[in-house]
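What follows is a set of notes on a single structure, which appears directly below.
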Amino acid sequence: MLAGRRIVLGVSGGVAAYKAAYLARRLVEAGAVVRAVMTQSAGQFLGAQTLAAITGEHPVEDFWDEVEVSPHTDLGQWADAMVIAPATAATIAKLATGLSDNVLIATALATEAPLVVAPAMHTEMWENAATQRNVETLLADGVMIVGPLSGALAGGDTGPGRMVEPEAIVAALEEALAGAPARARVLDLAGYKVLVTAGGTREPIDPVRFIGNRSSGKMGNAIAAEAASRGAQVTLITAAAPPSGSAVDVVSVETAQQMADATWSRVADVDVAILAAAVADFRPTGVGDSKLRRGDGLPVIDIEPTPDILAGIAAMENRPYLVGFAAETGSLEGARRKATEKGVDLLVGNDVSRAGSGFATDTNEVTIYTSSGESDSWPLLSKPEVARRLWDRILEDRTPG
Ligand code: PMT
C-alpha cells in the first residue's frame, strides 16, 4: 500500500517529535518516498539532520532558505498523502483557520492529497474547548485524526494527549491513501497487549520436504493489523508472510514446535490471544539430515502429535482472553463442540470447503461461538471486516454492562 507512495511528513514542535524519526523510518521501510517539512520549534526537539539521514532529503524548514522558489507548493503538489506528527495545539488551530504563517501549514494548505493529523499536547490543551472545536473543524474538512492516547506526557504528567505510536499513524495513512472517508480513528485498543498466530506450520519430513497446509496468513494478518490500527501493541507469531507496512512485532516461525515455544514464552504478558494459525496436528519423527531417495524404496514415515498451543494457554492459571479458530469442512458442529470443550472465550468457526471461505481467500464466512455454545453467524465478508467485527465483539465481551 505504501510502496512507491510519496509522503510528506510534517513535524511541529512538541516533545513527541522524536517519534517522527521512527515514523519516517517505518514509512521508508514500507517503501514510501518521504520528504519532511518542519516548523522552527520542531527543530528544538528533533535535528533536521536526523530526518535527512532517514529520508535521504534535507527537510524543508523555511520558505526562504530553499533553492526552490515555492517549497510549500512544490511539496504539497508532489504528495500522495501528508501526515503531521506530532501536531501541536497551535498547528491544529492554524490548520483549522488556514493561518499559513509557517512552511508546514502552507504545505498542508497547498496540498490536495489526504491529510492525517496526529495530535500531541498536554491534557488541558487537548481538552480545551478551542482545541476540540478546531479538531471538529478539521474532521469536517476531511482530515483524518489519529489519537491522541492517554499516557505519560512531558514533565511527568499523565493523561489524554500523548501522540499515538508510529504504527497507528502508518495504519491511518494507509486508510487515507485507500480513500477512506476522514474520521477520528478510534483507538479503543490502546493499552492492550495482543498476541496473534497466523499461517500454516511446516513439519519437515526430510531436509527438503514437509507436511503443510494451505493457510496464507491473511486471516491472522488482518486481525493483527486491525488491532495495531486501533492502538494495540501487537505480536504476530506467523508461519506466513506478515502484513506489509508491518505495524506489528513479527516473530517468524516454521514448525508447530517453534510456534508453541514462541507463543507460550510471550502469552503470559498479553491481554488477548487469538490463534488463527493452522497448526499441524502431527509431525514426522526422526527427521534425518539427508533427502529421502526414490531409489531407496517407499519410506515409512512415523508421526507423533505436535504440542497443542491452544490447550497450553487454556490451562494457564491467569490466561489472557482467548480466541481460537476452527477450520471445518461441511458442517460447523465441530467448531461448536470445540468452543465448549477447549477452554476458550470465543471460537471462530469457518467452513473451509465453502467458496470464498477459509484458506488463502480474501474473504471469509464465519460463525462465532461462545464457551456456552451460543452462536452468531456473519455473512461472507472481507477478512479485514471479519477482523474489525471480531475486535468489536471482544471489546463488547470485555467491557462489563
Ligand atoms: O491463513 P488464511 O489463508 O487466511 O486462512 C485462514 C484459516 C482458514 C487458516 C483460519 O481462518 C482458521 O480456520 N484457522 C484455524 C485452523 C485450524 O488449525 O483449525 P483447527 O480446528 O485444526 O484448530 C483449532 C484451534 O487450535 C486453532 O485456533 C489452532 O490455531 C489451534 N491449534 C491447533 C493445533 C495445534 N497443535 N495447536 C493449536 O493451538
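The values are calculated or read from the model by the stated rules, or taken from the named source; none is laboratory data. This structure is a prediction, so every number in the text was calculated from the model and none was measured. Note that each Cβ is placed from the backbone with ideal geometry, even for glycine, and that neighbours are counted across all protein chains shown. Side chains included, ligands, DNA and RNA excluded: accessible areas come from the protein's heavy atoms. Shrake-Rupley method; radii C 1.70, N 1.55, O 1.52, S 1.80 Å.
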Count of residues meeting criterion [part of a strand (DSSP E or B) and open to solvent by 50 Å² or more (accessible area, probe 1.4 Å)] in the stretch 1-33
2
Taking the stretch 257-307 only, how many residues are of a type in the set (Phe, Trp, Tyr) and touching a Gly at 6+ places or on another chain (Cβ under 9 Å)?
1
What's the number of the only condition in (1) modelled with pLDDT under 95; (2) open to solvent by less than 10 Å² (accessible area, probe 1.4 Å) that residue 123 fails to meet?
(2)
Taking the stretch 34-87 on its own, how many of its residues are of a type in the set (S, T, N, Q), touching a strand residue (DSSP E or B) at 6+ places or on another chain (Cβ under 9 Å) and in a loop (DSSP other than H, G, I, E, B)?
1
Out of 152, 129, I need the residue that is modelled with pLDDT of 95 or more, open to solvent by 10 Å² or more (accessible area, probe 1.4 Å) and more than 30 Å from residue 303 (Cβ to Cβ). Which one?
129
Taking the condition in contact with an Asp or Glu (Cβ under 9 Å, 6 or more places away or on another chain), more than 16 Å from the ligand (Cβ to nearest atom), touching a residue at least 60 places away in the same chain (Cβ under 8 Å) and open to solvent by 10 Å² or more (accessible area, probe 1.4 Å), does residue 212 pass?
no
Would you be able to tell me the number of residues in the stretch 5-32 that are touching a residue at least 40 places away in the same chain (Cβ under 8 Å) and among the aromatic types (Phe, Trp, Tyr)?
1
Residue 194 being under 30 Å from residue 309 (Cβ atoms) and in contact with a strand residue (DSSP E or B) (Cβ under 9 Å, 6 or more places away or on another chain):
yes
For the structure I just gave you, tell me whether residue 150 is farther than 30 Å from residue 261 by Cα and of a type in the set (Ser, Thr, Tyr).
yes
Starting from the stretch 344-366, take each residue that is on the phi > 0 side of the Ramachandran plot and list its partners that are more than 8 Å from the ligand (Cβ to nearest atom) and not aromatic (Phe, Trp, Tyr), counting only C-beta distances under 9 angstrom and pairs at least six apart or across chains.
356/362; 356/363; 356/365; 356/380; 358/329; 358/351; 358/365
Among what's in the stretch 74-88 and is open to solvent by 20 Å² or more (accessible area, probe 1.4 Å) and at pLDDT 95 or above, pick the residue that is farthest from residue 171 (Cα to Cα).
77
Please go through the stretch 271-286 and pick out each residue that is assigned to a loop (DSSP other than H, G, I, E, B) and within 30 Å of residue 234 (Cα to Cα).
271, 276, 277, 279, 280, 281
Determine which member of the set 296, 271, 261 is in the same structural domain as residue 216 (by TED's automatic domain parsing), without any contact (Cβ under 8 Å) to a residue 12 or more places away in the chain and closer than 27 Å to residue 192 by Cα.
261
Which residue, of 175, 136, 203, is open to solvent by less than 10 Å² (accessible area, probe 1.4 Å) and among the charged types (D, E, K, R)?
203
For the stretch 221-237, which residues satisfy the criterion of being under 16 Å from residue 393 (Cα atoms), outside any loop (DSSP other than H, G, I, E, B) and among the small types (Gly, Ala, Ser)?
222, 224, 227
I'd like to check something: does the stretch 278-285 contain any residue that is open to solvent by less than 20 Å² (accessible area, probe 1.4 Å), touching a helix residue (DSSP H, G or I) at 6+ places or on another chain (Cβ under 9 Å) and not assigned by TED's automatic domain parsing to the domain that holds residue 151?
yes
